[in-house]
Amino acid sequence: MLSGFSITLTSLTFVLVLFFYFRSKQHIESVELKIFERLLNINIIGLVMEMLCNLSIRYMSANMLITTIINKLFLTYFIGFMLTLFVYVVSVCIKKENYQKNSKSIKIGAEIAFLVLSIIDLILPIQLSTTDKIYSYGPAVSFIYIISFAIIVMCICLIIKNIKNIRSQNYIPLIFYIASSGIVGLIQSINPELTLSTVMESLTLFIMYFTIENPDVKMIKQVEAAKEAAEKANQAKSDFLSAMSHEIRTPLNAIVGFSESLKEETLTPSQLEEVNDIIDASNTLLETVNGILDISKIEANKIEIINETYSTEKLFRELVKLSEARLGDDKPIEFKYHLAEDTPKYLYGDHIRIKQVILNFLTNAIKYTKRGYIEFDVRNICRGNTCRLIIKVEDSGIGIKKESIDRLFDKFDRLDNENSTIEGTGLGLAITKRLVELMHGKIIVQSIYGKGSQFTIVIDQRIVNDAIAHEVEEVKEENTTINNDLSSKKVLIVDDNLMNLKVAARLLKTYNLIIEQADSGFKCLDLIGAGNKYDLILLDDMMPKMSGKETFKKLKEDSSFNIPVVILTANAITGMKEEYLQFGFNDYLAKPIEKDELNRVIKKFLDK
């Protein structure tokens, strides 16, 4: 008797410590935690009731009504615990959204079952043995054993049926409870005075505490604070990159713009070569800036995959042309190109990113191959409306050491320290890998150091009907051709940088436009306010005192203002175009100004 009482008292102390520890922590509201707390409360009540049973039988007459009532109430504890445990099993077996949808019905069902079973148990007779061992027995006790066994069987069936939906951690307390129930039943059949069921349930709850989803609110707040700090740091980085992009692109705009214009002048071969060298150097610098911006956008999950219909033949032909131009006549290298005849003519995907990826591998092949060959091979596997492009770039260059392949795609990591004369930031392959992953593709690398490398890109694209795609291509070609005489059209260029004004005017000169200039947002407002009429305004954004956005906002305050305004900016970070268009601008031109983009804008707004 004292042994059983001591065990129960020890268990109660243990569970109370767990209870106060649990209540001392803040928790996120969850189904599992709510049911666990209910089980904990029920177990404490059960342990107290068990102690009262022991004391009442020991110090009161077994025939007294109060002793019988205490013992019967103790039996109802088992019904409550078992039903609550069954609800817990239901909650971990089915999906959270399904449980939350039906939680009220489950709760009401459990309460009704508890009420009915408790009434039955209270009606059934109970006997108390006070001879050599003190314990209870009779129909009421047998009924509890039957109900407990039935609920355990139901739990087992539910677990087996929904085994895939249960987290592995949830198995542990349930398996412990089911296994220990059999052991406890065997011990109590030998020594019925030892009521170990409540103790076993206490141990189950202790194990359950460490397996349920129990996030610490303090830790979550720390994580949220760290996340907020990281987001602020990332925003600061984006702001810095935006400013850096602007500062570098602004002089690049002048260099590229004037160089392109010089190519149209009458130049000697050596002068033309020098101009081309200037353009190549500018493009290299622009690629470096774009690479830094790209890796930043990828890390911030702001890079976009923009899918559209494209011509495979045109895409790969452009890549060959660019590669052969970069190869030049200086290296004794054979450039091999093969496009499988069964490659679909038109596909749907982000051809700009695909071009960027392949060009990076081709450029590296050219960069690291001094003699021999470079092979550009495109094959495919088509199933249904999906075409799996298998693109291989192979070279007979310097190759890659086996131990270096694993870090090939790391940022700012150069594997060619012995080739210090080769240009590059080490960003290209890191960006390439992330872009291929964003397009749900993969890259396979094979290389023998000193003999060459082979890069294989595998990307799935959607096949487009030839007739539909051909119509799209024709529309694109028609839209890029300017047919009308634009000499009567008037354009206002607004930029605080005099060099940029000269570049824009020089580029627009080929369209025979009437051009006016303004070096600030204030002067732009004065010209419009004075009644000057324009067919198009090219407006720089980052101007001192009054930005392009502020200028545009002032212009739109006049309800009669209807001149198309194209934002002209060096802020080329992904998402900026959408932001400017959402602000109300009619279109967007990035610096350095590309001829094709300028042509598109002129066609869109002036060639009508």
**Message:** Pairs needed: first member in the stretch 338-354, free of Cβ contacts under 8 Å to residues at least 40 places away in the same chain; second member anywhere, open to solvent by 30 Å² or more (accessible area, probe 1.4 Å); C-beta distance under 9 Å; at least 6 residues apart or different chains.
**Reply:** 339/313; 339/317; 339/379
**Message:** Being touching a residue at least 12 places away in the same chain (Cβ under 8 Å) and in a helix (DSSP H, G or I) narrows it down to one residue among 136, 105, 118; which is it?
**Reply:** 118
**Message:** Looking at 46, 4, can you tell me which residue is modelled with pLDDT under 85 and open to solvent by less than 40 Å² (accessible area, probe 1.4 Å)?
**Reply:** 4
**Complete:** For the stretch 149-181 the number of residues that are open to solvent by less than 50 Å² (accessible area, probe 1.4 Å) and among the small types (Gly, Ala, Ser) is 3
**Prompt:** Which residue out of 269, 251 is exposed (fewer than 13 other Cβ atoms within 10 Å of the Cβ) and at pLDDT 70 or above?
**Reply:** 269
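Scan 52, 18 and give me the residue that is farther than 16 Å from residue 209 by Cα, out of contact with any Lys or Arg (no Cβ under 9 Å at 6 or more places or on another chain) and not in a loop (DSSP other than H, G, I, E, B).
Exactly one residue qualifies, and that residue is 52.
Does at least one position in the stretch 294-304 carry a residue that is open to solvent by less than 50 Å² (accessible area, probe 1.4 Å), of a type in the set (Lys, Arg) and modelled with pLDDT under 65?
Yes, the stretch 294-304 has at least one match.
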**Asked** Looking at (1) of a type in the set (A, V, I, L, M, F, W, C); (2) more than 25 Å from residue 259 (Cβ to Cβ); (3) at pLDDT 90 or above, can you tell me which one residue 581 breaks?
**Response** (3)
**Prompt:** Does at least one position in the stretch 320-327 carry a residue that is open to solvent by 60 Å² or more (accessible area, probe 1.4 Å) and modelled with pLDDT under 75?
**Reply:** no
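Can you tell me which residues in the stretch 439-454 are in a strand (DSSP E or B) and within 24 Å of residue 307 (Cα to Cα)?
Of everything in the stretch 439-454, those that are in a strand (DSSP E or B) and within 24 Å of residue 307 (Cα to Cα) turn out to be 442, 443, 444.
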**Asked** Counting only residues that are of a type in the set (Lys, Arg) and more than 14 Å from residue 584 (Cα to Cα), how many does the stretch 531-552 have?
**Response** 2
**Asked** Among the residues of the stretch 360-379, which ones are of a type outside the set (D, E, K, R) and open to solvent by less than 30 Å² (accessible area, probe 1.4 Å)?
**Response** 361, 362, 365, 366, 369, 374, 376, 378
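Results for (1) among the hydrophobic types (A, V, I, L, M, F, W, C); (2) touching a helix residue (DSSP H, G or I) at 6+ places or on another chain (Cβ under 8 Å), shown as yes or no for each residue.
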residue: 87; (1), (2): yes, yes
residue: 101; (1), (2): no, no
residue: 105; (1), (2): no, no
residue: 118; (1), (2): no, yes
residue: 123; (1), (2): yes, no
residue: 137; (1), (2): no, no
residue: 158; (1), (2): yes, yes
residue: 161; (1), (2): no, yes
residue: 176; (1), (2): yes, yes
**Message:** For the list (1) surrounded by 12 or more Cβ atoms within 10 Å (Cβ to Cβ); (2) out of contact with any strand residue (DSSP E or B) (no Cβ under 7 Å at 6 or more places or on another chain); (3) hydrophobic (A, V, I, L, M, F, W, C), I need the number of the one condition that residue 126 fails.
**Reply:** (2)
**Request:** Enumerate the pairs (first residue in the stretch 169-182 and assigned to a helix (DSSP H, G or I); second residue anywhere and open to solvent by 50 Å² or more (accessible area, probe 1.4 Å) and hydrophobic (A, V, I, L, M, F, W, C)) with beta-carbon separation below 7 Å, excluding pairs fewer than 6 apart on the same chain, so at least 6 apart or on different chains.
**Result:** 178/156
**Asked** Is at least one residue of the stretch 87-95 more than 30 Å from residue 163 (Cα to Cα), touching a residue at least 12 places away in the same chain (Cβ under 8 Å) and either touching a Lys or Arg at 6+ places or on another chain (Cβ under 7 Å) or crowded, with 17+ Cβ neighbours inside 10 Å (or both)?
**Response** no
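The values are calculated or read from the model by the stated rules, or taken from the named source; none is laboratory data. Here the structure is a predicted model, which means the values were calculated and not measured. Here the Cβ is made from the backbone with ideal geometry for all residues, glycine too, and neighbour counts use every protein chain on show. Each accessible area value is taken on the protein alone, full model and side chains, heavy atoms only, with ligands, DNA and RNA left out. Shrake-Rupley method; radii C 1.70, N 1.55, O 1.52, S 1.80 Å.
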